[in-house]
Amino acid sequence: MFEKYILITYGQQDIAFSPYNASWRERRKLFVSELVSTKRVQSFAYALEAQVGELIQSLSLWSPPTEPVNLNETLFTLIDSFIGTVAFGSMKGAKLMKYAKFQRVFSEATVALSAFSAQDFFPASPMGRWFDKLVGLERRYLRTFLEIDSYLEMVLTQHMDPGRVKPEKEDLVDVLISLWKGQGKITKDHVKALLGDAFIGGTATSSVTLLWAMSELIKNPAVMKKAQAEIRSLVGGKQRLVQVDDLSRLKYMKMVVKETLQLHAPVPLLVPRETMEHVKVFGYDIPAKTRIFVNVWAMGRDPASWDKSEEFYPERFDGVDTDFYGSHYELLLFGAGRRICPAIPMGSTMVEFTLASLLHSFDWELPKEDVSMEGTGRQLLCRKTPPYLVPSFYTG
């Protein structure tokens, strides 16, 4: 595995980058059952509704009303705050954990992991590592890792303080400490690596997907109006806000999210993998221990699989059971099989709920300039320029 991933995952003690073995299977089972199961996600609904509610209130008081909002900062902070609340029990707890430093450190980690690395493409050659060292990448990875480790060490120390006031709801860090200290099922490095998976992966992919969704909707006003009509018909006007329980009945809005992911896969080459044995694919011999990158961005735009493959057309999913849970290879956004991303339920809930809330409470317009649809990045497909949109509070 690549040097940067080994370092930032505490020697591959996480879920995303660890090799497939008995230890990984046990950690993944714990991660799913204790942290990201459907039941656990439902228990976090209060945090998501509270954070999005604060955002809606803040945007409704936006002044001057014609001033555009930087959605990049707004949505990244929102998702970060939600995950921080889940991890630390409350935003008050998050602030006690020097949350501003947390945001900066994990944002830097996302950028560092997305940077071009010669070792990604020449893993067996010492030249790859030599080049990364020459351009300062290894030093950057080490600095980022040390900052993350220092922060996580502080979090664990404060959570294990006997004088700490326990939060009303058990948070993610408490659960992991219990598995480590109370049950001995994982080690301290496992705890840190799993927290890194949750924060680096969850924050970046969710906020990027929301940015692309809002960008596509503003470029396709008929689609936006149709989605808003569905949401407002179900929820009503300003009588109440969207609730997590509403999501199962928002069929068209879910199609909008699928269409966004199809055209703008947040991780365009997926997490790199390595073949365990020699395989033959479409007549090509692939030796054991070959590094594999799966280009799901290209798969999502393949005209052989999709009609109108370059158009934003959510109706393509109407009456079709295609999903992104790994059984439909034309929409292979989060992996498949045993290595599929285990946090899909939490990530999809965050994206769907936030998008539904923004579309329900506001009408959105472009400022004078147009919105660019250029993307950038290899590990994470971000927008090249942050979108600025003007929110108008819906009073119907």
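The values are calculated or read from the model by the stated rules, or taken from the named source; none is laboratory data. As the structure is a prediction and not an experimental result, all values here were calculated from the model. Backbone-built Cβ (ideal geometry, glycine too); neighbour counts: all protein chains shown.
Please pick out the residue among Tyr46, Tyr20 that is in contact (Cβ under 8 Å) with a residue 24 or more places away in the chain, part of a helix (DSSP H, G or I) and of a type in the set (Phe, Trp, Tyr).
Details: Tyr20 fails: part of a helix (DSSP H, G or I).
When all the criteria are applied, what remains is Tyr46.
Tally time: how many residues in segment 30-43 are farther than 15 Å from Asp197 by Cα and outside any loop (DSSP other than H, G, I, E, B)? Before the answer, list the steps.
Of all residues in segment 30-43, those farther than 15 Å from Asp197 by Cα come to 33, 37-43.
Keeping just the survivors that are outside any loop (DSSP other than H, G, I, E, B) gives 33, 38-43.
The qualifying residues number 7.
Taking segment 126-141 only, how many residues are among the hydrophobic types (A, V, I, L, M, F, W, C) and within 29 Å of the chain's Cα centre (by Cα)?
Taking segment 126-141 and keeping what is among the hydrophobic types (A, V, I, L, M, F, W, C), we get 127, 130-131, 134-135, 137.
Now narrow it down to the ones that are within 29 Å of the chain's Cα centre (by Cα): 135, 137.
So the count comes out to 2.
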Residues in segment 165-196 that are more than 20 Å from Tyr151 (Cα to Cα) and among the acidic types (Asp, Glu) total 2
For segment 348-359, what are the residues that are out of contact with any Leu (no Cβ under 7 Å at 6 or more places or on another chain) and crowded, with 23+ Cβ neighbours inside 10 Å?
-> Leu358, Leu359
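Which residue out of Asp161, Asp132 is more than 22 Å from Gly201 (Cβ to Cβ) and at pLDDT 85 or above?
Details: Asp132 fails: at pLDDT 85 or above.
The unique qualifying residue is Asp161.
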Quick check: anything in segment 294-315 among the charged types (D, E, K, R), in a strand (DSSP E or B) and either buried (at least 17 other Cβ atoms within 10 Å of the Cβ) or modelled with pLDDT of 90 or more (or both)?
-> no
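When you look at Lys219, is it touching a helix residue (DSSP H, G or I) at 6+ places or on another chain (Cβ under 9 Å) and among the basic types (Lys, Arg), yes or no? Even if it seems obvious, please write down each step before you answer.
Details: touching a helix residue (DSSP H, G or I) at 6+ places or on another chain (Cβ under 9 Å): no; among the basic types (Lys, Arg): yes.
No.
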Of (1) under 27 Å from Ala112 (Cβ atoms); (2) modelled with pLDDT under 80; (3) under 20 Å from the mean Cα position of the chain (by Cα), Glu3 fails just (3)
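Inspect all residues belonging to segment 128-150 and state whether any of them is out of contact with any Asp or Glu (no Cβ under 6 Å at 6 or more places or on another chain), part of a helix (DSSP H, G or I) and hydroxyl-bearing (Ser, Thr, Tyr). Steps first, answer last, please.
Within segment 128-150, the first condition is being out of contact with any Asp or Glu (no Cβ under 6 Å at 6 or more places or on another chain), and the residues that meet it are 128-131, 133-137, 139-143, 145-150.
Narrowing further to those that are part of a helix (DSSP H, G or I): 128-131, 133-134, 137, 139-143, 145-150.
Pick out the ones that are also hydroxyl-bearing (Ser, Thr, Tyr) and you get 141, 150.
Within segment 128-150, one or more residues are out of contact with any Asp or Glu (no Cβ under 6 Å at 6 or more places or on another chain), part of a helix (DSSP H, G or I) and hydroxyl-bearing (Ser, Thr, Tyr).
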Subset of segment 111-144 that is closer than 13 Å to Leu7 by Cβ and polar (S, T, N, Q) - its residue that is surrounded by the fewest Cβ atoms within 10 Å (Cβ to Cβ) = Thr144
